[in-house]
Amino acid sequence: MTVQPVEGADNASANAYVTQVVARANTSFYWGMRVLPPERRLAMFAVYAFCREVDDIADGDAPEAFKREQLAHWRDEIEALYAGRPSHPVTRALAGPIVTYDLPKAEFLAMIDGMETDAQDAILGMDFTELLLYCRRVAGAVGMLSVPVFGDTSANAQRLAVAQGEALQLTNILRDIVEDAERNRLYLPHELLDKVGIASREPKEVARDPRLAQVCTELAILAHHKYREASYLMDQCAPKAMKPARLMMEVYRAYLRALEKRGWTKLDRPVKIGKLAKLWLLLRHAVF
């Protein structure tokens, strides 16, 4: 990768900025990243902060045209980053990691592509091909940026990034059906809706349909398949490098199991994984 040297990058303030972004987010991401050495941890904080910035745009209340304009600015900022002229604190924090870990520009742009999907005023379902492409963009891209920072650049690590990204995003979709419906978003595949006789593509109507439980069951089966695929691939990668990826996978896997235990007829009842459970997962999968 040819990247121009950064002129006058203020690493201290940029690193402080991305660290604050992660701290404010209060996310499971932190649990996975805390096992990394400081340099790699800061690199992952910068990757996360980028994802947070573009995700906040897509999830905001602004008109779609404004969101697209803001995402276009981030495309320009990524181009500036790789030309050695980052101006935003996040891209200044990324200036070192993109060289040190050879992070591909295409994955940052893929993430923005995914956020352009979320920026739409309405998302009325997808077919399976579109759903997996969406998962690849919004979650697989994060994985592809993460595994080199973790310390594994093998083909298996890249396949893991995609499979785990699909598993995690399918879990997010199953967790957020009601919340997404309130935002006029429906990510469930048309094929599964048609299979159980749900003809509507209006998100709130679909979320209230009792037949939706069958759709969720089948999508959860697919998510479990992706977790098994990711687990197999993880076993082919460098164990030490994959500690944070394994922890993230097990936290999300626990979310999926908790969702299944709650059941698919009570979608408005939130499911959370407590701090003690996360600590146990940290001890079990990351420390030893």
Q. Got at least one residue in segment 182-193 being more than 30 Å from Pro63 (Cβ to Cβ) and of a type outside the set (Phe, Trp, Tyr)?
A. yes
Q.
Looking only at helices (runs of 4 or more DSSP H) that lie completely in segment 1-92, which have at least 1 residues being hydrophobic (A, V, I, L, M, F, W, C), surrounded by 13 or more Cβ atoms within 10 Å (Cβ to Cβ) and modelled with pLDDT under 90?
A. 11-25, 29-33
Q. Only one of Ala167, Ala122 is modelled with pLDDT of 95 or more, touching a helix residue (DSSP H, G or I) at 6+ places or on another chain (Cβ under 9 Å), aliphatic (A, V, I, L, M) and crowded, with 23+ Cβ neighbours inside 10 Å; which?
A. Ala167
Q. Can we say Tyr101 is of a type in the set (Ser, Thr, Tyr) and at pLDDT 95 or above?
A. yes
(Q) Among the residues of segment 141-177, what is the count of those that are farther than 23 Å from Ala213 by Cα and either β-branched (Val, Ile, Thr) or out of contact with any Lys or Arg (no Cβ under 6 Å at 6 or more places or on another chain) (or both)? (A) 24
(Q) Tell me the residue from Thr153, Thr117, Thr91 that is polar (S, T, N, Q) and under 21 Å from Val22 (Cβ atoms), please. (A) Thr91
Q.
Quick check on segment 221-229. Is at least one of its residues buried (at least 20 other Cβ atoms within 10 Å of the Cβ), outside any helix (DSSP H, G or I) and modelled with pLDDT of 90 or more?
A. no
Q | Leading residue by the ranking (farthest from the chain's Cα centre (by Cα)) among those in segment 93-106 that are buried (at least 19 other Cβ atoms within 10 Å of the Cβ) and in a helix (DSSP H, G or I) | A | Ala95
Q: Would you please list the contacts, defined by Cβ atoms under 7 Å and residues six or more apart or on different chains, that run from a residue in segment 225-242 that is closer than 19 Å to Gln169 by Cβ to a residue that is modelled with pLDDT under 95 and among the small types (Gly, Ala, Ser)?
A: Met234/Ala245
Q) How many residues are surrounded by fewer than 18 Cβ atoms within 10 Å (Cβ to Cβ) and in a helix (DSSP H, G or I) when one looks only at segment 235-249? A) 1
Q | Selected residue [at pLDDT 90 or above, buried (at least 19 other Cβ atoms within 10 Å of the Cβ), in contact with a helix residue (DSSP H, G or I) (Cβ under 9 Å, 6 or more places away or on another chain) and aromatic (Phe, Trp, Tyr)] from Tyr252, Tyr232 | A | Tyr252
Q. Is one or more of the residues making up segment 166-175 under 12 Å from the mean Cα position of the chain (by Cα), within 19 Å of Phe45 (Cβ to Cβ) and not β-branched (Val, Ile, Thr)?
A. yes
Q | Failed item in (1) assigned by TED's automatic domain parsing to the domain that holds Phe66; (2) touching a Phe, Trp or Tyr at 6+ places or on another chain (Cβ under 9 Å); (3) polar (S, T, N, Q), with Thr153 passing the rest | A | (1)
**Q.** Those residues of segment 255-288 which are among the aliphatic types (A, V, I, L, M), at pLDDT 90 or above and either in a helix (DSSP H, G or I) or not assigned by TED's automatic domain parsing to the domain that holds Asn156 (or both), in sequence order
**A.** Leu256, Ala258, Leu259
Q. Restricting segment 134-156 to residues that are in a loop (DSSP other than H, G, I, E, B) and of a type in the set (Gly, Ala, Ser), which is surrounded by the most Cβ atoms within 10 Å (Cβ to Cβ)?
A. Gly151
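The values are calculated or read from the model by the stated rules, or taken from the named source; none is laboratory data. Computed from a prediction, not measured in an experiment: that's the story for all the values here. Every residue, glycine as well, gets a Cβ built from its backbone with ideal geometry; the counts of neighbours run over all protein chains shown.
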